[in-house]
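Read-outs throughout are calculated quantities, based only on the coordinates presented, and are distinct from any laboratory measurement. Since the model is a prediction, treat every value here as computed from it, not as a measurement. All Cβ positions, even for glycine, are placed from backbone atoms using ideal geometry, and neighbour counts span all protein chains on display.
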Amino acid sequence: MYTFSRERKNINPKEFLAYLISIFFFVAGVLFYIWPYIYLLDINYEFERLMKEKSKLIQSNKLLKVELASLKSLDRVEEVAHTQLGLVFPLEGQIIIVKAD
């Protein structure tokens, strides 16, 4: 059977530290370079989410305005007064007009 015999290199600690520091600064530089782009991408996603939420809120506001208008309609108020409150229109003799001075 054939085996590979390798000599083991002795690594100089100073050289290893220099390589390690170089790699660290290279990775830090790359991260420092791409960080604004990542941050901008995150801001764009947040902007899109807020625009969708704004659209939903505008639609909800329109629906609420329609509902408010229907609740304020005089026909509905008159119907509630008759059916739920039991109110009736006054007769001619029951109306008294008061003149302001």
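Among PHE32, ILE58, TYR45, which residue has its Cα furthest toward the positive end of the charge dipole of region 22-74, with +1 on Lys/Arg Cβ and -1 on Asp/Glu Cβ?
Positive-most Cα among the choices belongs to ILE58.
Quick one: if you stick a label point 7 Å off each Cα along the C-beta vector at ALA69 and LYS56, how many nm between them?
Distance between the two pseudo-spin positions: 2.5 nm.
Quick one: length gained pulling LEU41 to ASP101 fully straight, 0.36 nm per residue minus the C-alpha distance?
14.5 nm
So what's the back-of-envelope 222 nm ellipticity for the chain, counting only DSSP H runs of four-plus at -39500 (n - 2.57) apiece and dividing by all residues, rounded to 500? Walk me through the numbers before you get to the answer.
On the way: 2 runs with 70 residues, N = 101.
Rounded to the nearest 500, it is -25500 deg cm²/dmol.
Answer with a single label: of [x] 10, 12, 13, 12, 10, 9, 8, 7, 6, 5, 4, 2, 1; [y] 18, 57, 25, 0; [z] 14, 32, 25, 16, 9, 3, 0, which was calculated as P(r) over Cα pairs in 10 Å bins from 0, in percent from the structure in view?
[x]
Please compute the modelled spin-label separation between LEU20 and VAL88, points set 7 Å along Cα→Cβ, answer in nm with one decimal.
If labels sit at VAL88 and LEU20, their model points lie 9.9 nm apart.
Give the cross-link partners of LYS54 among the lysines, using a straight C-alpha distance below 30 Å as the criterion and excluding same-chain residues fewer than 8 apart.
LYS62, LYS65, LYS72
Using the alpha-carbon atoms, what tilt in degrees (0 to 90, nearest 10) does helix 13-72 show relative to the longest principal axis of the chain?
Tilt of helix 13-72: around 10 degrees.
Using a simple charge model, +1 on the beta-carbon of Lys and Arg, -1 on the beta-carbon of Asp and Glu, nothing else, what dipole does the chain show about its Cα centre, in debye to the nearest 20? Before the final figure, lay out the partial values.
Working: 13 positive and 12 negative charges, 174 e Å.
Once rounded to the nearest 20, the dipole reads 840 debye.
Relative to the first principal axis of the alpha-carbon coordinates of the chain, what is the inclination of helix 74-83, with its axis defined by its Cα atoms, in degrees from 0 to 90 and to the nearest 10?
Rounded to the nearest ten degrees, it is 70.
How about LYS56: which aspartates and glutamates have a C-alpha closer than 20 Å to its C-alpha, ignoring those fewer than 8 places off in the same chain?
LYS56 reaches GLU46, GLU48, GLU67.
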